[in-house]
Structures are given as C-alpha cells and as structure tokens.
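The values are calculated or read from the model by the stated rules, or taken from the named source; none is laboratory data. Note that the structure is predicted; figures quoted are calculated from it, not measured. Cβ placement follows ideal geometry from the backbone for every residue including glycine, while neighbour counts extend to all protein chains displayed.
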C-alpha cells in the first residue's frame, strides 16, 4: 500500500492541518492501492501564502532562469517516466502500453512546447506607433484544478506555462487519481523548483477546490473538468474578479461523407472514440454518416467495435482498460440503458461488464445506431466507450447536426474531397477540427467554444493565458 498523506507546500512535504485519510482505488481490481489525505481550506491558506511570498521573486526572474528550470524538469521527468507510467496505470486503470505511449509522453510534449514558446516570446515591445511600451507580466498566484482522465497531461499543460510566465501556483489534482501529481511534485523538487513557486494540496472540489476559487489571494483559476463544475468555479471566482480559464466537456461530432474510405474512416472513428476507455473530453462520440453509406457504415462499426479488446491494465497490448470508478461505471450504464429506452438500435456492446470480467469497472464497447440528435445519448457527455451513429442527407444537414450541441470542444470529419474538408471545417463551431485522422502537435491551441470553456492551452497560447498586458506610456 502506497502512503502519500503529505502535501507539498513552500518547498517541503508537510502534514495536513487536519488528517483526513482517503483511499485511492485501482479501477481494475476495485481495491485500495494508496492512501492520501484530503485537504481543507486551512491547507489552501498555507499553500496560497507560500505562493504569494514566492511570487515577489519568481515573477522577477530572467527568462533564462525559467528556461533552465524547465530544461531540468524535462531531464528528471524523462528519467522517472517509468514511475509515471505505473502511477497512471494504478490510479486510473490505463493499460501499460497506453500509459507508456500516450499518457506519460504528454507531459514531455507540453514541457518541450512550453520551452519553445518561452524562448521565442517577446515580453516587451514598442507599441504600434512607437510611443509606448507593451509589456507582458505574470498574472500572479494561480490555482490549478485538474481532472483524472488525462492526469499528467492536464497538470503539465497548466504548470509548465505558469512557471514559464513567472507565476506561482497551487495545484489541486483529482483526488481519485492523485499519484501522478504527487510524483510530478517530486520531479519539480528534484529539478530545483524554488520553494513556494509550486505547491500541491490534495482534496475534493467542495473543500479544496471551492476554497481555491473563492480565495482572495489567488489571481487566476485554471480549471479542467465538467461543465457543471466549471460553472461553479466561475461563480465562486466572480466576487474577486479572478481570471478564469476553463477547459470543459464535449460531445464532439465526427462527420463521415460517402466519398471517404469507409473502412479506414470507421476504424479510425471507433479507435478514437474508445481510446482511453472513452474518457476523453474531445472524443468523437457522435458519428454522423451520409445516408448513402449509412447501412454499410453501421454494419462495419458493429464488427470493428466487437473486435475491440478489453483487458487487464497490467498487461501489455492495445486493449482498453476499465473506467475510473464505480460511480463512473454506474453513470455509463445509466446512459446505455437510457439509449435502449429511447429506441436507439444497439449494434455492439450494451449493459453490463464484458464477458469474463466480474471484478473491475470494465464497460462493454458499445455502439448505437439510428440515433436522433435530440436523444439523451446524443446530447450528454457519457465519458465511456459508447458511440452513437446519426444519419444525414446533405452537407448542410451534417453541419447543422454537428453544431446542434451546447458543446464545442472538437469536431472531426472524413472526406475524400480536400475542398469540402476545408469548407466544412470552417463552419464547424469547435475549438479544434481534425480532418481524415489528422492530429495536432503540442504547440497547437486547445480549448472550446460555447459550454466547452474559454481560453486556450498548449504552447504559446497556454503561455499567454498566464500573462497580463501592461502599457507603459510617457
């Protein structure tokens, strides 16, 4: 059993003000693998005070000093990556291969993209007419609240640009997947991060998260999680007029036109939707298919989904693992039952665990066809390996269905016509559009339209999120 009850505050590992043990559950075995302590507003006060003290000096460091720190972090992170793989496997059930090839490398990607952005960023420049100085300065003390589904990805996507900007910070990772965050705190400490610049307090939303968003000495909240929680964070932050950056939920449309290579497109669509056991906010969970190839696409999707392997995260391979928790498993089961109740056609999967799995929060890879866009399973973010298929007649019809959602994080489209790809991509109301399996690099902005959030992360866009703009005239 791993015991990690301490918090990282002011460059030291400290005991919580009030001990409050909490078990971290391995989703594959349903057994505790670690014990942490949940923090309180008093712990937040200590962490914020440490960050506030450190801000006076860290905000005034030269760019070269921040570059040097990030480079040291890259080196330590690379050496300890096998430990990160294991932490992510234990806390969220990510299969070993997936953790090693996708989850852990995201941290390196963000660190390197932030380094490039920091080295090239112009922090002071003349105004367009030359009479004033335009200066970028760090926002201040930042509260960072991160989710469990891509734990180290979202942690580094916030911590790295905050460090680069000259901000100090308090991190609250997800209490159900805290091991990667605790390891990352060790990495920062080993890399020589100055005391108080980075602080970590474990805890849940109603205690630590709320205390952070309400705190008068926190200047900015950067939050990744559900839209519901993001609204709460914004409401709490309003009285102190904090800057609030939100990366929230999604129900991303995937437009498949008849001129695409159908087999390739369906395989990509299933793989992308079910990757990480469907627990990605930008997963292409609504597959919109042109009517002329719809029946063929449905049959093919059923066969591909049936071939998806579910397996033990401790084993190597390209299988998917369990979902994060019993609560999440039950929520997904409710959505699947609702889809059947609404009259959608079950093409693959369905309720319950896959055959051979009596223990662990495993979900059957599920595909629904003949879904109307006003059905619950087409409107709500399920956050599991569940795909819904919706037919469309014309290009205009596809765009209208794709945009008919409160979300706008990502969109996907498959077509053999490059001009159509460009035309449709411009009309989709989403922060990212992926064409024919294209994927971005770490320096491409990530964030959403509508109820998928505001602000952008990654590379120079993430760096700018943590900077204020000052005009000096005269």
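Scanning region 312-328 finds one or more residues that are in contact with a strand residue (DSSP E or B) (Cβ under 9 Å, 6 or more places away or on another chain) and assigned to a helix (DSSP H, G or I). For residue 327, the conditions (1) touching a residue at least 12 places away in the same chain (Cβ under 8 Å); (2) surrounded by fewer than 19 Cβ atoms within 10 Å (Cβ to Cβ); (3) closer than 24 Å to residue 154 by Cβ all hold with the exception of (1). Here residue 380 fulfils each of the conditions (1) more than 20 Å from residue 275 (Cα to Cα); (2) within 21 Å of the chain's Cα centre (by Cα) apart from (1). Checking each residue in region 340-358 for being in contact with a helix residue (DSSP H, G or I) (Cβ under 8 Å, 6 or more places away or on another chain), within 20 Å of residue 303 (Cα to Cα) and surrounded by 15 or more Cβ atoms within 10 Å (Cβ to Cβ) picks out 344, 346, 347, 348, 349, 350, 351. Screening residue 174 with (1) in a helix (DSSP H, G or I); (2) within 23 Å of residue 409 (Cα to Cα) gives one miss only, at (1). Annotation note: of 205, 192, 230, the sole residue that is buried (at least 23 other Cβ atoms within 10 Å of the Cβ), in contact (Cβ under 8 Å) with a residue 12 or more places away in the chain and in the same structural domain as residue 88 (by TED's automatic domain parsing) is 230. Residues that are in a loop (DSSP other than H, G, I, E, B) and touching a helix residue (DSSP H, G or I) at 6+ places or on another chain (Cβ under 8 Å) within region 199-224 comprise 201, 202, 203, 215, 216, 217, 218, listed in sequence order.
Looking across region 400-423, the residues that are in a helix (DSSP H, G or I) and either under 15 Å from residue 287 (Cβ atoms) or not assigned by TED's automatic domain parsing to the domain that holds residue 375 (or both) come down to 401, 402.
Considering only residues that are over 18 Å from residue 165 (Cβ atoms) and free of Cβ contacts under 8 Å to residues at least 24 places away in the same chain, which ones fall in region 65-79? Even if it seems obvious, please write down each step before you answer.
Of all residues in region 65-79, those over 18 Å from residue 165 (Cβ atoms) come to 75-79.
79, the sole residue that qualifies.
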